[in-house]
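In what follows, a single structure is set out as structure tokens and then discussed.
FYI, it's all coordinate maths here, none of it is from the lab. Just so we're clear, the structure is a prediction, and the values are computed from it rather than from any experiment. Because the Cβ atoms are built from the backbone with ideal geometry, glycine has one as well, and the counts that use them run over all protein chains shown.
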Amino acid sequence: MSDVLELKKTVKQLQSAANDQEVIAILETLKHKHVTEAILRESKIGLAVGKLRVHKAKPVADLAKEVVKHWKTAVEKAKARATPTATPAAAADKKTGGATPVTPGGAGTVLRTAKADGVKAATGDTTRDRCVEMIYDALACDATAPIELVLGKAKAVEKAVYSANGGANTGYKSKIRSLFVNLKDKSNPNLRASIVDGSLAPERFTEMSSQDMASEERKAADKKIQEENFFKSLSAAEKQAETDAFQCSRCKQRKCVYRQQQTRSADEPMTTFVTYLHSMPKQVEILIGSPNRPSHSFILSNRLLRLLRVSHLSLHPV
């Protein structure tokens, strides 16, 4: 049991690793770790390492393949020692190609379901029974926990949803479907495991949003997308050219930025908005006419500009 808990912590470390060097260091440790098929399935370490075989960094991908190959060999040897001679039924099965090889990630194994485990919710309501069985199917699909434990968690989840919605109504059914879809997500085995092992209370689980239920990889990807979008939004502001062609009539400084906008009719020159960077507070001068020889000039503070929203006005000198 201690090995399983230790490997579960390692799974979280892999998911939260900041760089490739940390991932490689963890994989090097796992390479010499003695594991069994049961430990691999229960800890989900096989799934976590298996995903790294397609990592964009070649050293990480190669090392992950090496670790998986080592574990697969160890599991197959352990099974061979446990069953030194094949039974006639097994031999016939192998001949027909019915046997499915077991990988460290548990691929190829028969999924547990309420029907396969002979589970009956027995709530007295057909709709609620079916919903309990749906949650059971999601929780038990790759679990090794006893039937009674998984069934108890499924009933607790269903009961919390039933209480929150005041009965088996439309909201109740919609919430059960949403929870089922999130629990069945193959890329998020930790969510199922956390409910079964008790680290996540069923009542708390039913109150979580889809974002809260997302795997660590999904959360990291969403955060990266948000950061990229924020960075792009910073560059979406209107560009202004920097120049020293204008001089502030107050501070006599020349460092400024300017932009031009057609605020009057098309046959009139564009209006130039000049912001002097050294002025405190920054002053904005509006030049109407040619920038070199404007017919009119106004100086407005940023505060007054915000009040007048001058960029949306058509200014005509009087």
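Quick look at the values:
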| item | result |
| --- | --- |
| Rounded to the nearest 20 debye, dipole of segment 126-218 from Cβ charges on Lys, Arg, Asp, Glu | 340 debye |
| Extended-chain gain in nm, criterion 0.36 nm per residue less alpha-carbon gap, ALA164 and ASP244 | 22.2 nm |
| Dipole in debye (nearest 20) - segment 181-230, about Cα centre, beta carbon charges: Lys, Arg +1; Asp, Glu -1 | 160 debye |
| Calculated SAXS-style log₁₀ I(q)/I(0) at q = 0.12, 0.18 Å⁻¹ - segment 126-218, Debye, Cα scatterers | -0.32, -0.73 |
| Cα-Cα over 19 Å, subset of LYS56/LYS186; LYS175/LYS223; LYS31/LYS77 | LYS56/LYS186; LYS175/LYS223 |
| Nearest-0.05 FRET efficiency for LYS77 and ARG218, computed from C-beta distance (R0 45 Å) | 0.80 |
| Separation in nanometres of the label points that stand 7 Å from Cα toward Cβ, at GLN260 and ALA17 | 5.6 nm |
| Calculated P(r) of segment 1-80 - Cα pairs past 17 Å, % | 40 percent |
| Charge context of LEU27, other residues only, Cβ under 14 angstrom, K/R +1, D/E -1 | +2 |
| Rough spin-label spacing in nm, given labels placed 7 Å along Cα→Cβ, for LYS173 and GLU148 | 3.5 nm |
| Counted charge near GLU148, where neighbours are those whose Cβ lies closer than 13 Å (Asp, Glu -1; Lys, Arg +1) | +2 |
| Where labels lie 7 Å past Cα in the beta-carbon direction, separation of HIS278 and SER187 in nm | 5.5 nm |
